[in-house]
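Chemist: The structure is given below, and queries will be raised subsequently.
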Amino acid sequence: QVQLVESGGGLVQPGGSLRLSCAASGFTLDNYAIGWFRQAPGKEREGVSCISSSDGITYTYYSDSVKGRFTISRDKAKNTVYLQMNSLKPEDTAVYYCATPHVEYCSEVSGDYVYWGQGTQVTVSS
């Protein structure tokens, strides 16, 4: 019943922008934390960003490699989380996944995320 579907990936030149979407079904996304991860060939999965809420306050987190360039947000009406990626670099090239631990708080432990999307490819190249 729980499903996450990513979209919005593609090919972009360095310095360009993309917006990734993570559409949720089977649960109300806003009640749970949603994280973005990425995995490049030959590299381990890397946490990129996460969004959560507690007592009506929204919390966001970013890895040092993307802070200042990426922005995570959510649209409650569409039950969707977005990752706006600006000033893209070749090292951002990876498959990007959204995931949820199915609890209301973010975790730095990837194993805590129990539901995952299928991934969307982002390629940054000249």
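Chemist: Just checking, which of Glu104, Glu108 is more than 14 Å from Phe37 (Cα to Cα), surrounded by fewer than 17 Cβ atoms within 10 Å (Cβ to Cβ) and of a type in the set (Asp, Glu)?
Modeler: Glu104
Chemist: Do we find that Thr80 is farther than 21 Å from Val2 by Cβ, of a type outside the set (Lys, Arg) and without any contact (Cβ under 8 Å) to a residue 60 or more places away in the chain in this structure?
Modeler: no
Chemist: Another question, if that's okay. Tally the residues that are open to solvent by 60 Å² or more (accessible area, probe 1.4 Å), within 13 Å of the chain's Cα centre (by Cα) and farther than 13 Å from Gly119 by Cβ, restricting the search to the range 1-45.
Modeler: Result for the range 1-45: 1.
Chemist: Among (1) hydrophobic (A, V, I, L, M, F, W, C); (2) in a strand (DSSP E or B); (3) modelled with pLDDT under 95, which single condition is Phe27 missing?
Modeler: All conditions are met except number (2).
Chemist: Can you tell me how many residues in the range 78-93 are within 13 Å of Arg38 (Cβ to Cβ) and open to solvent by 60 Å² or more (accessible area, probe 1.4 Å)?
Modeler: Going through the range 78-93 one residue at a time, the tally reaches 2.
Chemist: Another question, if that's okay. From the set of residues in the range 111-126 that are buried (at least 19 other Cβ atoms within 10 Å of the Cβ) and among the hydrophobic types (A, V, I, L, M, F, W, C), which is farthest from the chain's Cα centre (by Cα)?
Modeler: Val124
Chemist: Of all residues being of a type in the set (S, T, N, Q) and at pLDDT 95 or above in the range 30-49, which is farthest from Lys89 (Cα to Cα)? Just the residue, please.
Modeler: Result: Ser49.
Chemist: Considering each of Tyr59, Tyr96 in turn, give the residue that is open to solvent by 10 Å² or more (accessible area, probe 1.4 Å), part of a strand (DSSP E or B) and of a type outside the set (S, T, N, Q).
Modeler: Just one listed residue meets the conditions, Tyr59.
Chemist: Now for a separate question. Of the numbered conditions (1) in a loop (DSSP other than H, G, I, E, B); (2) more than 15 Å from Gly117 (Cα to Cα), Ile51 satisfies every one except a single condition; which is it?
Modeler: Here Ile51 clears every test but (1).
Chemist: Does at least one position in the range 57-68 carry a residue that is free of Cβ contacts under 8 Å to residues at least 40 places away in the same chain, of a type outside the set (Ser, Thr, Tyr) and in contact with a strand residue (DSSP E or B) (Cβ under 7 Å, 6 or more places away or on another chain)?
Modeler: yes
The values are calculated or read from the model by the stated rules, or taken from the named source; none is laboratory data. Just so you know, these numbers come straight off a predicted model, no measurement behind them. Neighbour counts are summed over all protein chains in view; Cβ atoms, including those assigned to glycine, are modelled from backbone coordinates with ideal geometry. With ligands, DNA and RNA removed, areas are computed over all heavy atoms of the protein, side chains included. Shrake-Rupley method; radii C 1.70, N 1.55, O 1.52, S 1.80 Å.
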